[in-house]
Amino acid sequence: MMDLPGTHGDAVLSKLRKVKELKTKALDEVRFLRTWVESPLKTGAVSPSGPLLAEKMASFITPEPGAHFVELGPGTGVVTKAIFDRGVPPQNLVSIEYSDDFYRLLRKRFPDLNVIQGDAYALGTIFSEGDGSDFAKDGLDGIVSSLPLFSRPEEARERFVLDALKLLKPGAPLVQFSYALVPPVKPRAGMFSLTKSEWIWKNLPPARVWVYRRVH
């Protein structure tokens with residue numbers, strides 16, 4: 001390939017990178033829309049989370065040495081990348097993805113990531129007798145979830161939160177985003193607390209982050 005001289009060459013390469021990024025983003029949008037059409041209750045969103053929302057979600061975890069985290073419903077990996085950018089090494093993260101298409105994409109996009117294909121709502125089973133049992137044996141330091149909780153009945157949503165909190169160390173966060181005005185699960189006095197972020201208006205649609213912690 002012919003070398004491109006100086007500043008002009010850098011500008012051309014920069015434009016090529018932007019074109020590649022836009023193409024990847026467009027393909028991810030198509031993947032999400034196709035998956036949503038095929039299974040709207042399992043996918044929830046019609047497009048991937050935006051980078052600002054992903055960054056906000058990752059900001060609630062603390063990547064200390066030896067800390068272990070789980071991501072639920074990673075989709076195309078936007079939040080996964082934000083978790084890595086936060087400083088979590090691949091060996092300290094397990095992602096659980098239901099969709100076969102997204103599972104294969106994640107394996108290709110993040111070859112060092114431990115991706116489990118399965119139902120993220122069945123956390124108790126996965127981390128007691130499944131592939132992730134050893135990973136969570138000493139308690140997790142955080143769970144980051146992009147699951148479409150409002151597609152489930154209120155009782156099922158609360159059961160999910162309680163099951164997730166059981167896997168976490170005391171005070172560790174369960175991070176969940178939502179487009180709704182109300183939380184996916186209301187706080188329960190004496191059981192778990194709830195805090196929320198400001199709205200991320202530049203996400204489409206606007207969203208905010210809810211953080212659950214076990215009361216102890």
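Within the range 51-92, work out how many residues are among the aliphatic types (A, V, I, L, M) and surrounded by fewer than 18 Cβ atoms within 10 Å (Cβ to Cβ). Before the answer, list the steps.
Within the range 51-92, the subset among the aliphatic types (A, V, I, L, M) is 52-54, 57-58, 61, 67, 70, 72, 78-79, 82-83, 88.
From the residues that got through so far, the ones that are surrounded by fewer than 18 Cβ atoms within 10 Å (Cβ to Cβ) too are 52.
Summing the residues that are among the aliphatic types (A, V, I, L, M) and surrounded by fewer than 18 Cβ atoms within 10 Å (Cβ to Cβ) in the range 51-92 gives 1.
Just the residues that are assigned to a loop (DSSP other than H, G, I, E, B), modelled with pLDDT of 95 or more and buried (at least 19 other Cβ atoms within 10 Å of the Cβ), please, taken from the range 106-145. Lay out the reasoning, then the answer.
Taking the range 106-145 as the starting set, the residues that turn out to be assigned to a loop (DSSP other than H, G, I, E, B) are 110-113, 118-122, 130-139, 141.
Retained after the next criterion (residues that are modelled with pLDDT of 95 or more): 110-113, 141.
Result: LEU113, ASP141.
Restricting to the range 168-201, count the residues that are farther than 20 Å from ALA67 by Cβ and in a loop (DSSP other than H, G, I, E, B). Total satisfying the criteria: 16. When PHE150, PHE177, PHE160, PHE102 are screened for being closer than 25 Å to TRP210 by Cα and surrounded by fewer than 22 Cβ atoms within 10 Å (Cβ to Cβ), only PHE150 passes.
Residues in the range 180-216 that are of a type in the set (Phe, Trp, Tyr) and exposed (fewer than 15 other Cβ atoms within 10 Å of the Cβ): TRP199, TRP201. Check whether at least one residue in the range 176-196 is in contact (Cβ under 8 Å) with a residue 40 or more places away in the chain and in contact with a Phe, Trp or Tyr (Cβ under 7 Å, 6 or more places away or on another chain), and report yes or no. Checked against the condition, which is being in contact (Cβ under 8 Å) with a residue 40 or more places away in the chain and in contact with a Phe, Trp or Tyr (Cβ under 7 Å, 6 or more places away or on another chain), the range 176-196 yields no hits at all.
The values are calculated or read from the model by the stated rules, or taken from the named source; none is laboratory data. Not measured: the values here are computed from a predicted model. Here Cβ is always computed from backbone atoms with ideal geometry, including for glycine, and neighbour counts include all displayed protein chains.
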